[in-house]
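Here the structure is laid out as structure tokens; the discussion comes afterwards.
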Amino acid sequence: MESFCAQNCQALVKCQCGEFLCSHTMGHHMILGHSALSMTETGLMSSFPSIFGLISEYKEKIVQRGTYLTQQVGKLVSSQIVRLEQFER
Ligand SMILES: [Zn+2]
Ligand SMILES: [Zn+2]
């Protein structure tokens, strides 16, 4: 049994040994006699920056996608306007 997860899961709990455990690694530490502490009790405050980082990263992606879409729509609209103007002349 591996003591670390190869799948890069999100840590669910923090073990008393200080490692963050996912559902895969939890069993191994339980067998070793470690007790896992809930993230809300221990690691929540220390994990906040990473959570906020993820959220702001996600927001950035949405904003970037939104900007891209707006640019595409803008291009489309302006090309349509150009066509219309050419048509009117
Ligand atoms: Zn442990
Ligand atoms: Zn895992």
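Please treat every number below as a calculation from the coordinates, not as lab data. These figures come from a predicted structure and were not determined experimentally.
Structure notes:
- Counting only lysines at least 8 places from residue 75 when in the same chain, those with an alpha carbon closer than 27 Å to its own are 59, 61.
- Length released on extending from residue 22 to residue 6, taking residue separation times 0.36 nm less the Cα-Cα span: 4.7 nm
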